[in-house]
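For reference, the structure discussed in these notes is given below.
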Amino acid sequence: MEPKSKEVEVGVPSQDPVKKNDVNEKKKKENENKMSEEDRRIKEEVELLVTRAADTDARIAKVAVERLVELLRTSSSGSLAAVPPPLKHIRALYPDLEAALKGTQDPSVSRRLHDLLSFISMTLESKSGNRTLLEHKLKGTTDDLAQWGHEYLRFLAGAIAEEWRDRAGNHDPTDHLNGFVDQTVTYMLMHQDEATAIDLLLEIDGVARILPHAEASNYKRIANYIAAISKYLTRPSDSEALRTVYDIYKKMKAYPDAAMVALALNDRELVAELFKECTSKPERLQMALSCARQKFFLDMDDEEDELLQDANGNMRLSQLYRHTAQELDSMAPKTLEEVFKMSTDEKSAPKDLQNNLVSAFVSGLANCGYGTDKFLSDTPAFFFDQREDRIISTTAALGLLHLWDHVEGLQQIDKYFYSESTYVKAGACLASGIVMCGVKNPFDPALGLLSEQINAHEDEVAIGAILGLGYAYAGTRKEDVKELLVPMLADSEQKLLVQCIAAYALSTVFVASADEDISETMINCLMEVPENKLKEPCVRYLILALGCMFLGRQEAADTLLDATRALPTLIQRYTEIVVRSCAFAATGNVVVIQSLFHVIAENEEPENEEEKNEAEDGNEEANEQAQKPEGEEKPIPLNYKAAAVLGIGLIAVGEDLGMEMTKRAIIHILLADTVSKGKDPMSGRCAVPLVYALLSAGNPNMPVVETLNRLAHDSDVSTATNAIMAMGIVAAGSTNARVATKLHNLSSYYQKQIYAGATFAVRLAEGLCAMGKGHLTLSCLQNDGNSVDMTALMGVLSLLHSSLDFSNTLLGECHYMFYAITPAISPRMMMAVDEEMEPVDSVMVRVGLPVDTVALPGNPKPITGFQTQKTPVLLSATDKVECADPKYVPVSTVLEGVCVVKKRPQET
């Protein structure tokens with residue numbers, strides 16, 4: 001037998017365990033013993049006063065309550081983190097005060113007890129949240145909020161917002177809360193807590209009520225906060241918030257700042273109001289220049305100052321741009337060898353026909369706006385060194401060379417109008433439109449030159465003239481162009497290519513206008529396209545034109561989206577996604593972005609074997625019938641998933657946080673879309689690099705460049721080609737040495753003939769990187785990134801949509817659509833001019849990285865890591881400028897482009 005195991009002794013306490021309540025009582029006693037004499041005295045006084053507050057004698061109760069109120073208002077703890085002693089002791093007596101309230105009959109005592117209970121409930125946890133605080137205060141004294149302090153009012157503001165929301169949802173009246181709102185807002189603004197006041201007004205949908213409180217001492221802080229928070233508001237609250245900012249600036253006579261907000265709202269009437277009201281010559285000039293940057297041309301009266309017309313029409317932009325280049329010693333023409341960094345062997349190698357086309361593009365880009373180069377100007381025979389139809393693009397490159405030079409540029413191009421070659425003549429039409437892009441001349445030379453050519457017998461000349469009109473009047477909404485081109489778009493006897501180009505030109509002129517006549521004509525034209533031509537490359541531009549008519553207009557495109565359901569299956573889904581993404585462009589609408597991610601995640605393959613077998617059985621007969629006509633295959637729809645990927649980036653443009661999140665999220669498409677699936681015609685993989693290009697145009701930050709460089713070596717050729725183009729767009733006009741080196745390495749990597757498309761893309765990207773010798777940019781963000789230039793956005797978007805079908809557009813018959821980026825080209829300089837628009841050199845400015853100072857206390861510095869330079873200076877996408885000159889003061893608070901300065905008044 002086994003020996004018995006020893007018994008285990010378990011110790012049992014002889015007394016029951018101490019309950020938690022007993023522990024708490026012990027702690028209380030210990031705390032009482034630790035109390036100082038002062039604390040003990042305050043506690044005894046508070047307990048006595050609470051007892052007296054329940055006294056049957058109303059006079060004694062009133063004195064006790066008033067003493068309690070005085071103690072809570074005036075006492076301080078000596079430390080910001082500690083609770084004042086009276087408040088600490090009275091919290092435990094809250095039930096006693098409630099009992100006293102029920103027992104009192106005197107109305108004045110009752111009101112003060114409600115005030116007390118409201119203040120104390122701020123420190124107590126309750127199931128109803130802050131509602132108890134508000135309920136007691138509504139029954140107490142309603143006009144003494146300021147006496148209870150800042151922290152109490154912050155709690156009260158939260159309770160008011162919650163109550164207002166509930167009552168508005170139930171359609172109950174909210175008038176009784178208005179007094180509290182006004183008192184809270186007034187107090188917060190007096191104590192430099194603008195954020196709490198504005199947050200409260202936003203919660204009750206009354207942000208316009210801040211307007212009477214705006215003064216010289218606080219209007220900038222108020223306006224900056226509302227403008228910053230408007231990016232996170234839904235429609236129509238965002239527009240209402242910006243309209244309030246506009247009204248604040250207008251009230252304080254800060255007209256240039258008000259003009260910036262009006263431009264962000266895309267409201268021409270608001271801008272016209274400012275010009276009528278403002279009388280200061282420097283401020284009017286600055287507003288005219290700001291409008292001109294966004295191609296926001298105003299109809300000036302004949303009596304208006306000629307200088308103002310020149311400023312608003314960008315008539316002197318070419319002179320100022322070349323003056324900057326001269327000051328920075330950049331006038332020498334840039335050769336192709338310098339751009340491509342060619343070795344001796346590469347220079348001596350025979351040039352193919354495609355190389356001559358890309359050389360014309362690159363030379364025009366590298367010397368853009370300078371009027372002279374070493375390729376287009378010095379070798380007039382270059383036109384005929386390539387395939388005949390590409391002569392259009394090589395001739396049009398002269399337009400880039402003379403960009404904005406409406407005097408000499410048109411004279412230089414005029415001689416080509418008389419050429420015997422149809423293609424040279426067509427290129428001259430296109431070049432003249434490119435020269436006038438962004439320039440408003442009162443004599444309308446572009447309209448005079450091109451209006452007759454649009455009806456030319458040769459389709460090439462007509463196309464050149466139509467596109468020329470589109471670029472010359474981009475963003476101007478000129479009715480004369482509408483009268484010329486709408487009949488061509490509606491004419492079913494015209495060639496499909498001519499109709500599509502006419503639609504694109506109209507959309508360029510009327511971008512974001514939501515014009516019903518034009519959009520209706522476009523959708524009718526799209527419905528009439530024969531089914532066998534729906535996959536033509538030019539149809540992409542018709543669909544894109546339809547979307548860009550509603551760029552950023554949101555609900556205005558709802559009717560059009562309904563109409564797209566009637567389109568043929570081949571283009572229906574693609575058109576719907578393009579129009580929807582364009583309609584919500586630069587809004588950051590998360591719901592639409594999520595819906596586009598769902599589109600990308602769609603899987604047409606059956607999920608399990610049973611479904612797969614059923615599908616196979618059901619399709620046997622269909623397959624037999626399909627095999628009968630030889631050579632016939634089921635047509636594949638346009639790649640709507642690629643359009644959805646690009647649409648995600650388009651919606652996120654303009655808001656820093658949204659753009660950064662999109663860059664992180666979009667990379668997951670590559671993980672889901674493997675290389676094998678990348679060969680699927682319905683894959684969104686090829687559009688991923690284009691999203692980076694759209695979000696970082698003109699901003700070559702290293703993480704983006706490294707990602708694109710990795711994708712440029714992708715096994716999927718279309719993805720790699722688009723990544724190369726994206727690198728060019730990201731580094732556009734920056735002459736970034738790292739990007740230039742990576743592109744040069746890629747030219748060696750893709751040197752084999754089978755990669756001719758990729759080589760073409762590398763050369764184009766190198767040209768974009770060297771654009772304007774580093775003086776230009778493709779960024780559509782302006783006003784310190786607070787507003788989006790829709791005309792420029794459409795220009796970049798057009799090039800990206802061309803890249804979705806690179807081999808059939810830029811390498812095919814639509815090679816001239818590369819010039820769609822022209823409206824997006826703008827100088828990245830900051831130069832100072834005086835009231836007469838004469839350059840003021842050597843104005844001291846600080847250039848550095850911006851710091852978000854919104855809602856920060858005091859007067860913090862808006863930039864960091866700055867360097868002090870003299871104007872003119874070149875700005876990168878992340879730079880912010882502030883004036884540091886003792887002699888001059890700028891008219892506008894945002895220093896970008898051409899800025900008006902005036903002499904600083906002498907202090908007496």
task: Can you tell me which residue among 251, 231 is surrounded by fewer than 22 Cβ atoms within 10 Å (Cβ to Cβ), closer than 22 Å to residue 267 by Cα and over 21 Å from the mean Cα position of the chain (by Cα)?
output: 251
task: Quick one: which helices (runs of 4 or more DSSP H) lie wholly within segment 295-374 and hold at least 3 residues that are at pLDDT below 90 and either over 19 Å from residue 899 (Cβ atoms) or open to solvent by less than 40 Å² (accessible area, probe 1.4 Å) (or both)?
output: 306-312, 336-340, 344-348, 353-366
Any hit, segment 176-197, residues being at negative phi and not in a helix (DSSP H, G or I): yes
In segment 837-855, residue surrounded by the most Cβ atoms within 10 Å (Cβ to Cβ) [restricted to those that are touching a helix residue (DSSP H, G or I) at 6+ places or on another chain (Cβ under 7 Å) and at negative phi]: 839
message: Quick check on segment 653-693: of everything there that is modelled with pLDDT under 70 and not in a helix (DSSP H, G or I), which residue is least open to solvent (accessible area, probe 1.4 Å)?
response: 673
message: Being touching a helix residue (DSSP H, G or I) at 6+ places or on another chain (Cβ under 9 Å), closer than 19 Å to residue 896 by Cα, modelled with pLDDT of 90 or more and in a helix (DSSP H, G or I): is that true of residue 792 here?
response: yes
query: Are any residues in segment 451-479 outside any loop (DSSP other than H, G, I, E, B), without any contact (Cβ under 8 Å) to a residue 60 or more places away in the chain and of a type outside the set (Gly, Ala, Ser), and if so, which ones?
result: 453, 454, 455, 459, 461, 466, 469, 479
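Residues are listed down the side, and each one gets a yes or a no for (1) touching a His at 6+ places or on another chain (Cβ under 9 Å); (2) not hydroxyl-bearing (Ser, Thr, Tyr):
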residue: 222; (1), (2): yes, yes
residue: 260; (1), (2): no, yes
residue: 271; (1), (2): no, yes
residue: 280; (1), (2): no, no
field: Any chance residue 8 is over 23 Å from residue 149 (Cα atoms), open to solvent by 100 Å² or more (accessible area, probe 1.4 Å) and modelled with pLDDT under 80
entry: yes
task: Could you check residue 887 against (1) touching a strand residue (DSSP E or B) at 6+ places or on another chain (Cβ under 9 Å); (2) open to solvent by 60 Å² or more (accessible area, probe 1.4 Å); (3) closer than 23 Å to residue 698 by Cα and say which number it fails?
output: (3)
statement: Flagged pairs (Cβ under 8 angstrom, 6 or more apart or on separate chains; first in segment 743-760, assigned by the TED database to the domain that holds residue 723; second among the charged types (D, E, K, R) and surrounded by 15 or more Cβ atoms within 10 Å (Cβ to Cβ)) are 743/766; 744/766; 747/763; 747/766
task: Could you tell me whether residue 878 is open to solvent by 20 Å² or more (accessible area, probe 1.4 Å), hydroxyl-bearing (Ser, Thr, Tyr) and within 25 Å of residue 293 (Cβ to Cβ)?
output: yes
- prompt: Tell me, which residue of segment 190-199 that is closer than 12 Å to residue 153 by Cα and either in contact with a Pro (Cβ under 8 Å, 6 or more places away or on another chain) or at pLDDT 90 or above (or both) is most open to solvent (accessible area, probe 1.4 Å)?
  reply: 196
statement: Note: among 901, 894, just one is open to solvent by less than 40 Å² (accessible area, probe 1.4 Å) and modelled with pLDDT of 90 or more, namely 901
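The values are calculated or read from the model by the stated rules, or taken from the named source; none is laboratory data. Owing to the predicted nature of the structure, the values given are computational and were not obtained by experimental measurement. For neighbour counting, all protein chains shown are included, and Cβ atoms are generated from backbone atoms with ideal geometry for every residue, glycine included. Heads up: the accessible areas ignore ligands, DNA and RNA and are worked out on the full protein's heavy atoms, side chains in. Shrake-Rupley method; radii C 1.70, N 1.55, O 1.52, S 1.80 Å.
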